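None of the figures in this text is laboratory data; all of them are computed from the coordinates on show. Nothing here was measured: the structure is a model prediction, and the numbers come from that model. So basically every Cβ, Gly included, is an ideal-geometry build from the backbone, and we count neighbours across all protein chains shown.
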Amino acid sequence: MKSQAKKRIALTGMLAASLIMLPGMLGGNVAIAQQKADSELSYGELIKKARNGEIQKVEIDETEQTAKVTLKNQKPEVKAQQVRLLNQNSELIRELRQNKVELNQVSSENSRAAVGLLINLMWIVPLVALMLLFLRRSSNASSQAMNFGKTRARFQMEAKTGITFDDVAGIEEAKEELQEVVTFLKLPEKFTAIGARIPKGVLLVGPPGTGKTLLAKAIAGEAAVPFFSISGSEFVEMFVGVGASRVRDLFKKAKDNAPCLIFIDEIDAVGRQRGAGIGGGNDEREQTLNQLLTEMDGFEGNNGIIIIAATNRPDVLDAALLRPGRFDRQIIVDAPDRKGRLAILQVHSQNKKIDPSVSLEVIARRTPGFTGADLANLLNEAAILTARRRKEAITPLEVDDAIDRLTIGLTLNPLMDSKKKRLIAYHEIGHALLATLLPHSDPLNKVTIIPRSGGIGGFSQQILNEEVIDSGLYTRAWMKDNITMTLGGKASEVEVFGEAEVTGGASGDLKMVTNIARKMATMYGMTDLGLIALESQNQDVFLGRDWGNRNEYSEEMAIKIDHKVREIANECYQIARKTIRENRDLVDRLVDLLIEQETIEGEQFRQIVAEYTQLPEKELAKSS
């Protein structure tokens with residue numbers, strides 16, 4: 001900073017010196033020009049011409065000691081000649097009067113003074129302008145320093161978000177909870193009359209993309225009250241005390257405009273647990289959090305101010321922030337169910353051209369676990385594919401391709417007919433056949449050998465049971481069939497090509513198998529190790545919770561767990577190999593068809609399997 005200041009001072013000095021030298025340079029140029037003009041007619045030639053009667057008019061300037069001479073018969077456009085005079089010009093004046101020449105005396109003193117003033121202003125004005133520029137910059141820097149601790153919240157006196165509860169779909173329970181907040185702001189006397197206290201804070205909790213920020217905008221749009229919005233990261237700075245100052249300034253402005261709303265997005269950036277982690281916490285962040293806790297529920301009340309915060313990590317928030325009196329309500333904004341997904345798709349499909357053959361109900365059924373942001377992105381990807389293929393409306397093909405692109409990856413060029421393509425076909429048919437034959441497995445949606453980005457040569461896709469996914473209540477039979485289906489690809493490779501030709505394509509399958517089998521043994525009590533939980537699902541080392549903790553079982557039990565995981569995997573693998581071996585002809589036919597078509601839909605796949613195995617009708621009816 002000091003070196004930059006020195007450079008600025010040196011630059012200013014050089015500029016001022018050059019400007020000071022400018023008048024002298026200009027004055028020198030003027031004198032040279034005058035000398036050149038004077039050499040046109042000498043003093044002796046002037047007297048000679050006066051005696052010969054060739055001069056018509058002479059103007060003498062005693063200040064400059066020059067004379068302007070106009071000759072007889074001189075054209076009007078020709079300028080008068082200048083002559084440098086002597087200190088005493090009596091002879092010249094006598095000759096001019098004897099020859100009756102018109103003689104005038106003029107003075108250039110005023111004009112000379114004006115020119116000098118103009119030349120001085122030429123360097124004074126830029127210097128003054130430069131000084132004003134530096135003064136303005138210094139004043140801006142000082143004003144920024146004074147505003148460093150001011151809040152950076154965006155403020156709207158009338159919340160013109162353009163979003164109401166009608167624009168929010170799929171999360172009806174959260175909307176119903178928040179509708180009361182709007183009523184609190186509009187008609188507080190309705191609740192205070194019976195002794196109800198207005199909640200101070202509402203915490204929106206949910207995965208990314210579920211619509212927490214959208215809900216906050218809808219509340220502001222419905223309540224039509226002053227609205228402050230800020231991100232949690234905007235409180236924290238590298239200088240200690242700035243965040244706390246911004247919190248105080250935010251609540252001061254909110255009190256002046258009460259009743260009002262304050263929305264803090266990503267509050268976990270400032271509300272993490274104090275003193276958590278290895279080596280202590282950040283002093284600036286902790287001071288900011290302490291100030292926020294004091295403002296929300298300290299000695300001074302905040303009547304008419306409701307704070308809405310959003311986070312997808314409630315587990316890292318400080319306990320003092322979550323107690324009643326600060327965030328009185330915690331509203332879960334979870335991924336929508338099938339009915340909610342249908343409502344979200346109806347909202348996002350209003351401005352898109354969709355073919356009548358596209359069923360939003362089918363899309364909602366095929367997208368369990370999708371959030372509102374995922375569904376909006378899905379329809380947008382389908383619209384992009386439609387425009388790229390030069391179609392007038394979105395068809396089911398574009399929707400299917402968009403779902404695959406978001407869940408699996410970008411479609412690549414199909415493989416040429418080769419050994420690799422046949423090996424991938426056998427691997428994927430192994431998964432698909434076991435998904436169809438096993439009684440507790442989810443039904444098959446489609447199987448394909450069209451490669452995808454990320455090194456995916458093909459995939460077998462199932463229609464997941466939404467009720468099981470939402471509830472998390474996985475049965476032991478479902479888990480074992482899922483492990484068996486996952487090992488179907490490797491089992492098919494071994495039965496067809498032998499152990500020597502097995503590839504590493506099942507590495508991801510083996511990780512999934514190990515994860516499920518280990519949970520069966522250590523968390524769900526589904527083995528003969530006993531009805532005990534040997535491991536915990538939460539491993540938040542960065543919070544300091546599990547640092548240095550060891551597993552609550554002995555080395556002997558660890559060996560039993562490893563044996564049990566291996567036993568479950570081997571048992572399911574033998575079932576998979578036996579099923580592939582008993583249906584080898586069916587496998588070969590399905591592989592030939594898959595190589596020819598590159599994709600087999602679930603309904604067609606089940607019909608071919610039924611011709612060979614005579615599946616019960618209820619098993620064949622497993623579909624979306």
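Quick notes on this one:
- By the equivalent-ellipsoid construction on the alpha carbon gyration tensor, the stretch 419-620 comes out with semi-axes of 34, 18, 17 Å, ordered largest to smallest.
- GLN574-ASP167 FRET efficiency (beta carbon distance; Förster radius 56 Å; 0.05 resolution): 0.55
- Peptides 508-516, 170-178 ranked from most to least packed by the mean count of surrounding Cβ atoms within 10 Å: 170-178, 508-516.
- Along the stretch 360-376 the Karplus relation, 6.51 cos²θ - 1.76 cosθ + 1.60 evaluated at θ = phi - 60°, assigns HN-Hα couplings of 5, 5, 5, 4, 5, 6, 8, 10, x, x, 6, 8, x, 5, 5, 5, 5 Hz to successive residues, with x for each Gly and Pro.
- Projected label distance in nm at ILE450 and LEU135, using a 7 Å step from Cα toward the beta-carbon: 7.2 nm
- Here the stretch 352-431 and the stretch 189-203 have alpha carbon centers that stand 48 Å from each other.
- Mean shadow area of the stretch 326-393, taken as a quarter of the surface of its Cα convex hull (nm²): 5.8 nm²
- The packing ranking of peptides 325-338, 595-608, highest mean first, is 325-338, 595-608, where packing means the average number of other beta carbon atoms within 10 angstrom of each residue.
- The stretch 353-436 - Rg over Rh from alpha carbon coordinates, Kirkwood radius: 1.05
- Overall, the ratio between the Cα radius of gyration of the stretch 330-482 and 2.2 N^0.38 Å, rounded to two decimals, is 1.16.
- Under the combined filter of DSSP loop state and at most 14 neighbouring Cβ atoms within 10 Å, the stretch 444-521 retains none of its chymotrypsin sites (Phe, Trp or Tyr not before Pro).
- A simple charge model with +1 on the Cβ of Lys and Arg, -1 on the Cβ of Asp and Glu and nothing else charged puts the dipole of the stretch 362-512 at about 380 debye relative to its Cα centre.
- Cross-linked pairs LYS339/LYS519; LYS420/LYS480; LYS217/LYS253; LYS419/LYS578; LYS420/LYS578: Cα-Cα separations exceed 27 Å for LYS339/LYS519; LYS420/LYS480.
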